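A.B. asks: Questions regarding the structure given below will be posed in turn.
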Amino acid sequence: MDLFGDQSEKPGKQQPSGSPSSKSHQPLGTRMRPRTLAEFAGQSHILEEGKLLYRAIASKRISSMIFYGPPSSGKTTLAHIISNDTNLPFESLNAVLDGVKELRGVVDKAEQYQKMGHPTTILFVDEIHRWNKAQQDALLPHIESGLLTLIGATTENPFYSLVGPLLSRCQLFELNPFDQQEVTALLERALNDSERGIGAHSVQVDDGVLNLIAQKASGDIRHALNALEMAVLSTDENADGVRHITREIAEQSIQSRKVRYDRGGDEHYHYASAFIKSLRGSDPDAALYWMSAMLQGGEDPMFIFRRMYIFASEDIGLADSQALTFVHSAQMAFERCGMPEGWYFLSHACLYLSLAPKSNSTGAVFQVQQELENSGVQPVPEHLKDKTANALEASYTGSENPSDDYKYPHNYDGNWVQQQYLPESVKQTWYEPGKEGKESELSERLKRLREKLS
């Protein structure tokens with residue numbers, strides 16, 4: 001049986017190759033791919049009754065769209081379901097393998113389909129973010145004319161990876177990873193499906209095993225289904241003809257938890273953001289969690305250290321100036337020892353930053369930059385200018401050296417003397433000290449000094 005229903009009457013559809021028995025060699029994740037919207041699980045935020053995408057599919061009024069989300073979230077499956085429900089010609093390209101030449105071939109076919117009475121052809125482009133600007137632009141006239149209705153699929157953020165003219169012609173739908181409950185339900189469906197699943201086998205699954213597989217799959221339904229199939233097919237039948245799947249067998253089948261992380265994609269920024277916000281919120285457990293998730297996903301430890309360097313000054317700053325030195329020491333130790341011992345140094349720095357008192361007062365420098373952009377740099381007060389340069393000018397002009405008016409603070413009690421340091425026309429202040437940690441002491445000193453000026 002065709003995974004996507006009877007397509008024999010639809011131009012552009014490819015007939016399934018081989019006999020039904022040949023399909024038994026396809027992975028369970030492929031065999032269990034939903035064929036109809038009713039079979040599709042998850043993505044209720046866009047597929048609930050009344051939602052835009054649901055209404056579009058139900059009314060068979062499809063416009064060009066982009067599906068973006070993590071692998072195995074149903075992008076390709078949804079494209080095939082839409083094609084089946086609308087009964088339109090369907091062509092497929094993979095942006096990794098195909099380019100403008102193959103697109104021209106699809107356009108030629110679409111023109112032939114129009115002559116056969118099909119107003120538009122659905123073109124599914126997988127990994128569409130892999131196409132460069134010129135390749136993406138080549139789609140525009142055919143979408144504009146209605147010859148092609150594009151369904152693009154990407155794991156990247158389309159706002160970064162796709163050209164503006166293409167985005168303006170498409171509806172955008174974000175797909176989320178399956179949650180654990182949804183994955184467990186789909187595993188149960190596969191266990192009970194005798195046609196496409198593994199229901200033809202007599203299988204006994206211990207309590208909690210499906211939940212374990214779902215948990216370790218981290219939202220990747222294909223990974224979960226294939227792990228279940230591996231567990232069943234690698235387990236011998238007992239005397240009663242039953243394959244008994246224990247927790248130990250399941251753990252061996254799925255092995256390690258998959259970290260859904262792409263160092264070049266959105267997850268890189270999402271995880272890094274969660275890490276920094278956990279540090280800022282003084283939650284050491286969350287900070288360790290997101291840092292470990294990044295590292296297990298293949299992140300460069302030096303990226304983590306760079307973020308911690310920035311955090312030490314941006315979010316801790318004068319509340320604990322030792323934090324910056326601490327991160328530097330941890331990085332040096334990491335570079336000297338490497339992994340796996342390096343986990344200790346990463347953890348040490350992470351926990352220190354998380355628990356340190358917080359202050360963002362170093363951000364005052366950006367307020368000063370804004371002042372300079374708005375008003376420009378004002379002249380240096382005469383008494384602050386270089387004494388030697390002023391002396392030369394005074395000797396030529398026969399005037400007094402304005403640098404002689406400079407008051408050397410160390411000649412006064414407390415190594416401080418009232419004196420104008422900002423340009424005369426600049427009256428405001430920007431630095432506001434925090435009240436946490438060591439900065440509270442600095443705050444008191446600044447308060448006393450400012451009181452002397454008033």
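A.B. asks: Rounded to the nearest 0.05, what FRET efficiency do Ala58 and Val426 give with R0 = 51 Å and r taken as the Cβ-Cβ distance? Could you check?
C.D. replies: After rounding, the FRET efficiency stands at 0.20.
A.B. asks: Summing +1 for each Lys or Arg and -1 for each Asp or Glu, what net charge is found among the other residues whose Cβ lies under 14 Å from the Cβ of Ser347?
C.D. replies: -2
A.B. asks: How far apart, in nanometres, would the label points at Thr362 and Met332 be if each is projected 7 angstrom from Cα along the Cα-to-Cβ direction?
C.D. replies: With each label point 7 Å from Cα toward Cβ, the separation is 1.8 nm.
A.B. asks: Any idea how far the Cα center of region 20-78 sits from the one of region 175-206, in Å?
C.D. replies: Answer, in whole Å: 17.
A.B. asks: Starting from the amide H of Leu93, placed 1.01 Å from N in the peptide plane, find each other amide H under 5 Å away whose residue is 5 or more places distant or on another chain.
C.D. replies: Result for Leu93 returns Phe124, Val125, Asp126.
A.B. asks: Just to be sure I understand, if you calculate Cα Rg over 2.2 N^0.38 Å for this structure, which of [x] 1.35; [y] 0.96; [z] 1.44 do you get?
C.D. replies: [z]
A.B. asks: Among 113-124, 141-152, how do they line up by average Cβ neighbours within 10 Å per residue, starting with the highest?
C.D. replies: With the highest mean Cβ count within 10 Å placed first, the list reads 141-152, 113-124.
A.B. asks: Give the long-range amide H neighbours of Val205: residues separated by 5 or more places, or on another chain, with amide H under 5 Å away, using H modelled in the peptide plane at 1.01 Å from N.
C.D. replies: Distant-sequence amide H within range of Val205: Ile245.
A.B. asks: In whole Hz and in residue order, list the ³J(HN,Hα) couplings for region 276-288 that follow from phi through the Karplus curve 6.51 cos²θ - 1.76 cosθ + 1.60, θ = phi - 60°; x for Gly and Pro.
C.D. replies: Per residue, the Karplus-derived 3J(HN,Hα) values read 5, 5, 6, 4, 4, x, 6, 10, x, 5, 5, 4, 5 Hz.
A.B. asks: Provide the per-residue ³J(HN,Hα) series for region 350-355, in order, calculated from phi with Karplus coefficients 6.51, -1.76, 1.60 and θ = phi - 60°, each as a whole number of Hz, with x at glycine and proline positions.
C.D. replies: In residue order, the calculated couplings are 4, 5, 4, 5, 5, 8 Hz.
A.B. asks: Let me ask you something else. For region 303-316, what does the Karplus curve 6.51 cos²θ - 1.76 cosθ + 1.60, with θ = phi - 60°, yield as ³J(HN,Hα) per residue in whole Hz, taken in order and with x for Gly and Pro?
C.D. replies: 5, 4, 5, 4, 5, 6, 4, 4, 4, 4, 9, 6, 10, 10
A.B. asks: Something else now. Rounded to the nearest 500, what is the 222 nm mean residue ellipticity of the chain from helices alone, with -39500 (n - 2.57) per DSSP H run of 4+ residues and division by all residues?
C.D. replies: -14000 deg cm²/dmol
A.B. asks: Another question, if that's okay. Could you pull out every residue, at least 5 positions away or on a different chain, whose amide H is within less than 5 Å of the one on Ile66? Hs are placed 1.01 Å off N in the peptide plane, and Pro or chain starts have none.
C.D. replies: Under 5 Å from the amide H of Ile66: Gly152, Gln171, Leu172, Phe173.
A.B. asks: For a quick protection proxy, order the peptides 199-206, 83-90 by their average other-Cβ count within 10 Å, most packed first.
C.D. replies: The densest-packed peptide leads the list: 83-90, 199-206.
A.B. asks: Applying 1/(1 + (r/R0)^6) with R0 = 60 Å to the Cβ-Cβ distance of Glu111 and Asp413, what FRET efficiency is obtained, to the nearest 0.05?
C.D. replies: That pair, Glu111 with Asp413, gives E of 0.10.
Every number here is computed from the coordinates shown, using simple stated rules; none is lab data. In this text the structure is predicted, and so the values were computed from the model without any measurement. Heads up, the Cβs are rebuilt from the backbone with ideal geometry, glycines too, and the neighbour counts pull from every protein chain shown.
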